[in-house]
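The values are calculated or read from the model by the stated rules, or taken from the named source; none is laboratory data. Computed from a predicted model, the values in this text were never measured in an experiment. Cβ placement follows ideal geometry from the backbone for every residue including glycine, while neighbour counts extend to all protein chains displayed.
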Amino acid sequence: MSSSPVVVIRRADNAVVQAELIDGVQPRDLGLIERVWTPVRAQILAKLRAASVAPVDWPQSLRWDWSRKEGELKLLEAGGFGVICDGDWQGVMLTKSASHVALLASQRSKPLVYVDYVETAPWNWPIAAIGEQGRYRGVGSVLIREAMNESIRQGFKGRIGLHALPQAERFYDSVCGLTEIGRDPNKQNLLYFECSPEAAEKFLDEGGES
Amino acid sequence: MNEKRTMTLNLTDVEMGVLEELARRKDLSKTAVIRQALRLYQTVDMRLGRGEKLIFEDEAEKKKSEVMVL
């Protein structure tokens with residue numbers, strides 16, 4: 001496991017806050033993350049129900065369970081990354097580096113880092129309908145930037161791919177500059193995005209922030 | 001944990017030719033191709049071990065064939 005300094009933004013006052021990027025998240029970390037995040041998810045769910053918010057408008061990762069993904073980290077091709085700030089995991093991401101290849105025409109069949117799962121801590125979700133403004137922003141950007149950096153370290157030139165939940169499509173398109181490839185009927189019809197080496201270089205140069 | 005160890009890999013001319021061609025087409029170093037092959041082999045082996053099947057599908061020809069992996 002290694003760590004490096006990164007920054008995130010505290011939403012309450014737009015202050016830049018020091019955080020730690022972890023490369024080498026362990027299975028036990030996923031269990032810990034889930035134990036801490038589960039009660040917060042439950043509180044959010046209760047507020048959503050109390051406010052009669054339609055389920056279609058609930059955060060789409062509300063029912064994820066990171067402890068069930070511990071097995072994913074046993075594979076050589078698996079990568080685990082996270083952001084720690086204030087002593088808490090603020091976001092986590094699992095990647096795969098061998099079982100997916102690029103579909104983008106200019107990069108077809110070349111290797112990429114596939115972002116299997118990425119999520120920010122539930123207390124970071126801004127949910128206007130229940131008055132939640134979220135604690136930190138920029139965590140998702142830090143993690144996507146790290147996926148591109150991991151791709152470069154692996155010799156993949158920054159190529160990444162991911163299936164986006166509908167609520168995150170705009171983030172990957174507009175903020176991260178990923179290219180929309182199309183809906184994938186084999187993956188719940190989610191929109192699949194990829195990042196070319198040129199787009200990765202641009203996002204990394206700009207220090208992309210959400 | 002990520003400390004690297006060195007090994008010598010003896011390949012025939014044909015095998016080396018295939019490795020060099022894969023490295024060229026995949027835009028990777030030869031070392032990275034071998035590393036990718038090992039990762040993929042482990043992933044396939046683990047999933048087969050769980051009882052899953054590895055299948056190649058040709059949509060145009062409407063053909064499916066199961067791949068047997070050693």
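Given the condition of a type in the set (A, V, I, L, M) and more than 28 Å from A:A105 (Cα to Cα), answer yes or no: does some residue in the stretch B:17-32 qualify?
Checking the stretch B:17-32: not a single residue is of a type in the set (A, V, I, L, M) and more than 28 Å from A:A105 (Cα to Cα).
Based on this model, can you work out whether B:V44 counts as closer than 21 Å to A:E77 by Cα, free of Cβ contacts under 8 Å to residues at least 60 places away in the same chain and within 9 Å of chain A (Cβ to nearest Cβ)?
yes
Which of the residues belonging to the stretch B:43-70 are within 18 Å of A:H100 (Cα to Cα), touching a helix residue (DSSP H, G or I) at 6+ places or on another chain (Cβ under 9 Å) and at pLDDT below 90?
Once the filter is applied, which keeps residues that are within 18 Å of A:H100 (Cα to Cα), touching a helix residue (DSSP H, G or I) at 6+ places or on another chain (Cβ under 9 Å) and at pLDDT below 90, the stretch B:43-70 yields only B:V67.
So which pairs qualify, if the first residue must be in the stretch A:98-109 and within 10 Å of chain B (Cβ to nearest Cβ) and closer than 24 Å to A:L75 by Cα, the second must be among the polar types (S, T, N, Q) and part of a helix (DSSP H, G or I), the Cβ gap must be under 9 Å, and the two must be at least 6 apart or on different chains?
As it stands, the answer is A:A98/B:Q36; A:A98/B:Q42; A:A98/B:T43; A:S99/B:T43; A:V101/A:Q107, since those pairs meet every condition given.
Among the residues of the stretch A:52-105, what is the count of those that are of a type outside the set (A, V, I, L, M, F, W, C) and assigned to a loop (DSSP other than H, G, I, E, B)?
So the answer is 12.
Within the bounds of the stretch A:110-118, is there any residue that is more than 19 Å from the chain's Cα centre (by Cα) and surrounded by 17 or more Cβ atoms within 10 Å (Cβ to Cβ)?
Yes, some residue in the stretch A:110-118 is more than 19 Å from the chain's Cα centre (by Cα) and surrounded by 17 or more Cβ atoms within 10 Å (Cβ to Cβ).
Residue check: is A:R145 of a type in the set (D, E, K, R), more than 12 Å from chain B (Cβ to nearest Cβ) and more than 13 Å from the chain's Cα centre (by Cα)?
Judged against the criteria, A:R145 is not a match.
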